[in-house]
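See structure below.
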Amino acid sequence: MASEHLGRKVKDCMTPVSTVVRSDQTIDEAISILRKRDIYEKVLYFYVVDGDGRLKGLVSTRNLLLRKSDTMIEAITEPHVIALNGNQTVHEAMEVMETQRLLALPVVDEHNRLMGSIDVGVYIEESVDVAHAKKRLQIFQMLGVIIEEGRPFSTLY
């Protein structure tokens, strides 16, 4: 990846997040609202925000689907989430994703309000040299992710 791309701010290459739920909702309310949204991005995480849009954590798909429908989102939120400030660089995002084995990172503003997210797609959107590509492929294989020229993976193959 060219060094000029590594220096870009994550707020310039993040994507909006549709998979956001509020901490004051029940699971049933959250799922109902999610079903009404046009969600086109990959669903990697469900981010939890408060009424002011501040990031409170994330909820796993497992908890969202398997807990009782009247359970409050706040009760199943994992509050320990690594987030990036919008002014951090793509290089910093890549380092965090590699070292923490994460597929995506939320991006927040200076008040911890969720702005969007940056995901592993940043690796395949930019031109990469072969040595770095091999290293990333090994990392993704450890994570159980298959990247084949940016095409979506299907378990049906």
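Just a few scattered comments:
- Of the candidates 110, 98, 78, 92, the single residue that is among the acidic types (Asp, Glu) and under 23 Å from residue 27 (Cβ atoms) is 78.
- Every test in (1) modelled with pLDDT of 95 or more; (2) closer than 25 Å to residue 32 by Cα; (3) among the aliphatic types (A, V, I, L, M) is passed by residue 81 save one, and that test is (1).
- Filter pass, residue 42 being within 14 Å of the chain's Cα centre (by Cα), closer than 20 Å to residue 101 by Cα and of a type in the set (D, E, K, R): yes
- Check on residue 101, of a type outside the set (A, V, I, L, M), closer than 24 Å to residue 18 by Cα and either modelled with pLDDT of 90 or more or open to solvent by less than 40 Å² (accessible area, probe 1.4 Å) (or both): no
- Output for the range 29-55, where each listed residue is at pLDDT 95 or above, of a type outside the set (A, V, I, L, M, F, W, C) and either open to solvent by less than 30 Å² (accessible area, probe 1.4 Å) or within 25 Å of residue 121 (Cβ to Cβ) (or both): 47, 50, 53
- Qualifying residue in the range 63-74 (condition: free of Cβ contacts under 8 Å to residues at least 12 places away in the same chain and of a type in the set (D, E, K, R)): no
- Summed over the range 56-98, the residues that are among the β-branched types (Val, Ile, Thr) and open to solvent by 60 Å² or more (accessible area, probe 1.4 Å) give a count of 2.
Yes or no, residue by residue, for (1) over 17 Å from residue 94 (Cα atoms); (2) touching a residue at least 12 places away in the same chain (Cβ under 8 Å):
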{"position": "6", "(1), (2)": "no, yes"}
{"position": "10", "(1), (2)": "no, yes"}
{"position": "21", "(1), (2)": "yes, yes"}
{"position": "24", "(1), (2)": "yes, yes"}
{"position": "32", "(1), (2)": "yes, no"}
{"position": "41", "(1), (2)": "yes, yes"}
{"position": "51", "(1), (2)": "yes, yes"}
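- Selection status of residue 8, open to solvent by 60 Å² or more (accessible area, probe 1.4 Å), within 18 Å of residue 115 (Cβ to Cβ) and not acidic (Asp, Glu): yes
The values are calculated or read from the model by the stated rules, or taken from the named source; none is laboratory data. Treat the numbers as computed from the prediction; the structure is a model and nothing was measured. Please note: Cβ atoms are built from the backbone with ideal geometry, for glycine as well, and neighbour counts cover all protein chains shown. For accessibility, only protein heavy atoms count, side chains too; no ligands or nucleic acids. Shrake-Rupley method; radii C 1.70, N 1.55, O 1.52, S 1.80 Å.
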